[in-house]
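Inspection log for the structure reproduced underneath, given as structure tokens.
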Amino acid sequence: MLKVGVIGVQGAVSEHIEAVKRAFERLGVEGQAFWLRRPEQLNAIDAIILPGGESTTISRLMQRNGLFEPVRKLGGEGLPIMGTCAGLILLAKEVEGAVEGQRFLGLLDVRVNRNAYGRQVDSFEAPLKLSFSDEPFPGVFIRAPKIVELLGDKVKPIAWHGDEVVGVEQGNIMGLAFHPELTEDVRLHEHFLRKAL
Amino acid sequence: MERLQVIEAKGTERLKRGFARMVKGGVIMDVTNAEQARIAEEAGAVSVMALHKVPADIRKAGGVARMAPIEKIQEIMDAVTIPVMAKVRIGHVAEARVLEALSVDMIDESEVLTPADPFFHIDKREFNVPFVCGARNLGEAVRRIWEGSAMIRTKGEAGTGNIVEAVRHVRLVADNIRLIQRMTDEQVYAVAEKFAEPYLRLARQIREISGLPEQVLENEPVYGHYTYREIVDGLYKILLEIKKLGRLPVVNFAAGGVATPTDAALMMGMGMDGVFVGSGIFKSSNPEKMARAIVEAVNHWDEPDVIAEISKEIGEPMKGLEIEELEVRLEERGV
């Protein structure tokens, strides 16, 4: 029984829960996906997803409800964690355009730029290339962050928009600048869940 | 590496509705200047709504309420990194075009401002920027979604600090959805015809005022280039989706009258995806504390012990107004 918690303080939480459930079906594994809002829910968990939303808001609320430090510790100890959009920002080691005093988990060796593509009118959809599949993936970028630099060689690209890296993984940690949870395609959720199997 | 052909699409329905999904579980705060915007961001708001005056002051001032001054909106956009929304008058396509040109993140076609078009709302499908619109009942919500609204909010009674009207609107929408779920598809189609009637009624009004025959022909457009039948079919599709989902197919927030952390918790408990707060914050005795408390209350809406803790020492909420004593009912603007 695989237990996957989606950090449920703000943002596209239910969309990730639905996507994880579909991925369970496709992988043929028994699993449970749930809203993760309290530190005590971190006991006996197999994977965590940090959803899209407002990174400033999610960071603040995670600190206030006591999720921030334990999640960082679990990630450091090897628990699979995936962050999409705002979640990628929260996982990054370095963030350009951060609000003063905003804190990050620092689990992924990348430098990202918040809102690098511009405002909502610049949000876009585009087909992406994945490292582990020949079929293009539908990329949905909403006020997306940009991965501006890979810091070191532990972090590997897994998704490209043209020549630009838009998704990476580093052992147990995965970060995507876009929103797979807003599409029907669950290949990236499956790829992530395999880390927890 | 083999090069993948990159074709980009902007302003799609997925991007518009997706943007609204990213603010779920959050609080969107009305602000009138950069300083208030920073207070909102610092308190954990997911977005700010740029407007000229908060609803309580619009009520007091009277006169025509319009889109906020451009330099104020720009000042607010420069002050914060969270998304910035702004209000336009109902039906004011030109104000909306200007806000889109300014790259505002979302437009609120709002009854809180003086309506510009006495008949119709903006056809929001013609824009790349997403829209949010108010609704008091399922009919209004479905009409706005068909017109392209990516998000719905209750109208409530803005500027009163009185939650009663927002509660009424949530209840009406929820009860109507449950009713739709018990209906056959034929019955749902009849509801679609009923919900399309305001377009027909308004089109007839225009003809009547102009001294033309009231009768609208089958192939004659009644809203934009859409005929009555095309509108019915559009509304029917949305109603079938609602029947299947058991909720609106877009994000639904509470607005109008939220003044305390418990008001926010009440709305979340009634199934809202998040909360808009206007006068409730900047008309309270300690805006910073009230803003932070409402953000936390939305996050912990189902934990009364936490809400109790949050509600301590937040100062006086705004005074509030009795609905029966109001001279102007904002929620009645726009059907």
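Checking the conditions here, which among B:A259, B:A264 is of a type in the set (A, V, I, L, M) and assigned to a helix (DSSP H, G or I)? Full working, then the answer.
Working: B:A259 fails: assigned to a helix (DSSP H, G or I).
When all the criteria are applied, what remains is B:A264.
For segment A:138-148, state whether one or more residues are within 9 Å of chain B (Cβ to nearest Cβ) and over 18 Å from the mean Cα position of the chain (by Cα).
No, segment A:138-148 contains no residue that is within 9 Å of chain B (Cβ to nearest Cβ) and over 18 Å from the mean Cα position of the chain (by Cα).
Return the residues of segment B:148-171 that are under 14 Å from B:G280 (Cα atoms) and either polar (S, T, N, Q) or within 9 Å of the chain's Cα centre (by Cα) (or both); say none if nothing qualifies.
B:T160, B:N162
For segment A:35-55, name all the residues that are of a type in the set (D, E) and within 14 Å of chain B (Cβ to nearest Cβ).
A:E40, A:E54
Restricting attention to segment B:290-326, report how many residues are within 14 Å of another protein chain (Cβ to nearest Cβ) and either of a type in the set (S, T, N, Q) or not in a loop (DSSP other than H, G, I, E, B) (or both).
Counting residues in segment B:290-326 that are within 14 Å of another protein chain (Cβ to nearest Cβ) and either of a type in the set (S, T, N, Q) or not in a loop (DSSP other than H, G, I, E, B) (or both) gives 14.
Count, please, the residues in segment B:11-49 that happen to be under 21 Å from A:S14 (Cα atoms), more than 10 Å from chain A (Cβ to nearest Cβ) and assigned to a loop (DSSP other than H, G, I, E, B).
0
Regarding segment A:21-34, can at least one residue be identified that is of a type outside the set (A, V, I, L, M) and either buried (at least 22 other Cβ atoms within 10 Å of the Cβ) or within 13 Å of another protein chain (Cβ to nearest Cβ) (or both)?
No - not one qualifying residue is present in segment A:21-34.
Condition check: within 14 Å of chain B (Cβ to nearest Cβ), crowded, with 17+ Cβ neighbours inside 10 Å, part of a strand (DSSP E or B) and in contact with a Lys or Arg (Cβ under 8 Å, 6 or more places away or on another chain). Does A:V112 satisfy that?
Answer is yes for this residue.
Can you tell me how many residues in segment A:2-29 are under 18 Å from B:N252 (Cβ atoms), touching a helix residue (DSSP H, G or I) at 6+ places or on another chain (Cβ under 7 Å) and in a helix (DSSP H, G or I)?
1
Select from segment B:190-241 the residues that are farther than 18 Å from B:R143 by Cα and not in a helix (DSSP H, G or I) and list them in ascending order.
Of everything in segment B:190-241, those that are farther than 18 Å from B:R143 by Cα and not in a helix (DSSP H, G or I) turn out to be B:S210, B:G211, B:L212, B:P213, B:E214, B:Q215, B:V216, B:L217, B:E218, B:N219, B:E220.
If we scan segment A:163-185, do we find a residue that is part of a strand (DSSP E or B), among the β-branched types (V, I, T) and either touching a helix residue (DSSP H, G or I) at 6+ places or on another chain (Cβ under 8 Å) or surrounded by fewer than 23 Cβ atoms within 10 Å (Cβ to Cβ) (or both)?
The answer is yes, given that some residue of segment A:163-185 is part of a strand (DSSP E or B), among the β-branched types (V, I, T) and either touching a helix residue (DSSP H, G or I) at 6+ places or on another chain (Cβ under 8 Å) or surrounded by fewer than 23 Cβ atoms within 10 Å (Cβ to Cβ) (or both).
Name the single residue that is farthest from A:I49 (Cα to Cα) among those in segment A:97-109 being within 11 Å of chain B (Cβ to nearest Cβ) and surrounded by fewer than 19 Cβ atoms within 10 Å (Cβ to Cβ).
Selected residue: A:E100.
Evaluate segment B:52-72: report whether one residue or more is within 14 Å of chain A (Cβ to nearest Cβ) and among the hydrophobic types (A, V, I, L, M, F, W, C).
no
With respect to B:I314, determine if the residue is in contact with a Lys or Arg (Cβ under 8 Å, 6 or more places away or on another chain) and more than 25 Å from B:G246 (Cβ to Cβ).
Criteria met by B:I314.
Which numbered condition trips up A:V140, out of (1) modelled with pLDDT under 95; (2) in contact with a His (Cβ under 6 Å, 6 or more places away or on another chain)?
(1)
For the list (1) in contact with a Pro (Cβ under 8 Å, 6 or more places away or on another chain); (2) within 18 Å of A:A92 (Cα to Cα); (3) within 13 Å of chain B (Cβ to nearest Cβ), I need the number of the one condition that A:G11 fails.
Result: A:G11 passes all but (2).
Could you pull out the residue among B:A174, B:A150 that is more than 13 Å from B:Y236 (Cα to Cα), surrounded by 15 or more Cβ atoms within 10 Å (Cβ to Cβ) and in contact with a Gly (Cβ under 7 Å, 6 or more places away or on another chain)? Explain how you work it out, then say what you get.
Details: B:A150 fails: in contact with a Gly (Cβ under 7 Å, 6 or more places away or on another chain).
Unique residue meeting the criteria: B:A174.
Give the number of residues within segment B:78-123 that are within 14 Å of chain A (Cβ to nearest Cβ) and either farther than 20 Å from B:A65 by Cα or assigned to a loop (DSSP other than H, G, I, E, B) (or both).
11
For segment B:279-331, which residues satisfy the criterion of being surrounded by fewer than 23 Cβ atoms within 10 Å (Cβ to Cβ) and among the small types (G, A, S)?
Passing the criteria: B:S285, B:A308, B:S311, B:G315, B:G320.
If the Cβ limit is 8 Å and pairs must be 6+ apart or interchain, which residue in segment B:212-225 that is surrounded by 15 or more Cβ atoms within 10 Å (Cβ to Cβ) pairs with which residue that is acidic (D, E) and in a loop (DSSP other than H, G, I, E, B)?
Close Cβ pairs satisfying both conditions: B:Y223/B:D123.
Would you point out which residue out of A:A159, A:A126 is within 7 Å of chain B (Cβ to nearest Cβ) and in a strand (DSSP E or B)?
A:A126
If I ask for residues that are within 10 Å of chain B (Cβ to nearest Cβ), assigned to a loop (DSSP other than H, G, I, E, B) and surrounded by fewer than 24 Cβ atoms within 10 Å (Cβ to Cβ), which ones from segment A:56-93 would you list?
If the condition is that a residue be within 10 Å of chain B (Cβ to nearest Cβ), assigned to a loop (DSSP other than H, G, I, E, B) and surrounded by fewer than 24 Cβ atoms within 10 Å (Cβ to Cβ), then A:N65 is the only one that fits.
Among A:G5, A:G97, which is at pLDDT below 95, under 26 Å from B:V27 (Cβ atoms) and small (G, A, S)?
Values: A:G5 fails: at pLDDT below 95.
From the options A:G5, A:G97, the qualifying one is A:G97.
The values are calculated or read from the model by the stated rules, or taken from the named source; none is laboratory data. Worth saying up front: this structure is predicted, and the values here are computed from it rather than measured. Heads up, the Cβs are rebuilt from the backbone with ideal geometry, glycines too, and the neighbour counts pull from every protein chain shown.
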